[in-house]
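First the structure, in the form of C-alpha cells, and then the observations on it.
The values are calculated or read from the model by the stated rules, or taken from the named source; none is laboratory data. Keep in mind that what you see is a predicted model, and the values were worked out from it rather than measured. Neighbour counts run over all protein chains shown; Cβ positions are idealised from the backbone, glycine included. Protein only, heavy atoms only, side chains kept; ligands, DNA and RNA dropped before computing areas. Shrake-Rupley method; radii C 1.70, N 1.55, O 1.52, S 1.80 Å.
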Amino acid sequence: MKGLTKKDIAEILISDEDEREQKIHELLKDRRSLNINIELSKRLTAGQKAADKMAEFAGSWKFIIVFMALVLTWGIVNTKWVLERPFDPYPYVFLNLVLACIASIQAPVIMMSQNREAQKDRLRAENEYLINMKSEIILEDLHLKIDNIIQRQRLLEDELENIISLMGALRQEIVLGREKDEENTGREESRIYN
C-alpha cells in the first residue's frame, strides 16, 4: 500500500460495486503501518546522526551538570586565590568567548535535529491519515455489506411469513374439504341405508 494516495481513495469511494470490491481487496492485502523512525533512520547521513546525538545530549541533565561543573572549575582555577597568574582572570573574557562559540555552533545543530523531528511528525501524520482512510473505507464497505445482509434477511422473513400464511390457508382448505367429504359420505350412507 506504499502507493495509496488521496486519488486512490477517491477512486475507491466513487467506483462501481465490482471494481470497488476488487480495490478493497487490494487495499486489505497491503500493509500500511510503517515505523517512521526506522524508515528515516535508514536514510540519515553521518552529520545528521551526529546532530541528533548532540541535540539529545544538549537537552539532558547530564549536559547541564557537566556544563555547570566545567564553568565552576574554570572559575575556581582562574581566581587569584588559586593561581598567582590566572590565564583568564575575572570577568573571564576567554570563557565568555568559548561559551559564545559553543552556543553559535550548538543552536543550528539543534535546529537541524528539530527540523528532522518535524519531518518525522509530518510523515507520521500522513501515515496515520492513510491508515485512518483505509480503516474508514473498510468499515464503510463492511457497513454496506451488513446492510445488504439485513435487507436480504428481511426479504426472507417476509417470504417465510407468506409461506406460513399460505400453509395455514391450505391447511384450512384441507380441513374444510375433509369435513365436506365426511358430510357428503354421511348423506350417501344414509341414503343407501334408507
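Looking across segment 121-152, the residues that are within 9 Å of the chain's Cα centre (by Cα), closer than 20 Å to Gln22 by Cβ and in contact (Cβ under 8 Å) with a residue 40 or more places away in the chain come down to Leu130, Met133, Lys134.
Criterion applied to Glu117, Glu84, Glu126 was being charged (D, E, K, R) and under 19 Å from Asp52 (Cα atoms), and the one residue passing it is Glu117.
Restricting segment 87-113 to residues that are polar (S, T, N, Q) and closer than 25 Å to Lys49 by Cβ, the residue that is nearest to the chain's Cα centre (by Cα) is Ser113.
Residue-by-condition table, conditions (1) open to solvent by less than 80 Å² (accessible area, probe 1.4 Å); (2) touching a His at 6+ places or on another chain (Cβ under 6 Å); (3) modelled with pLDDT of 95 or more:
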position	(1), (2), (3)
Lys120	yes, no, no
Leu123	yes, no, no
Asn127	yes, no, no
Lys134	yes, no, no
Ile138	yes, no, no
Leu142	no, no, no
Ile150	yes, no, yes
Gln153	no, no, yes
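Please determine whether any residue of segment 86-102 is acidic (Asp, Glu) and more than 30 Å from Thr45 (Cα to Cα). Yes, there is a match, as at least one residue in segment 86-102 is acidic (Asp, Glu) and more than 30 Å from Thr45 (Cα to Cα).
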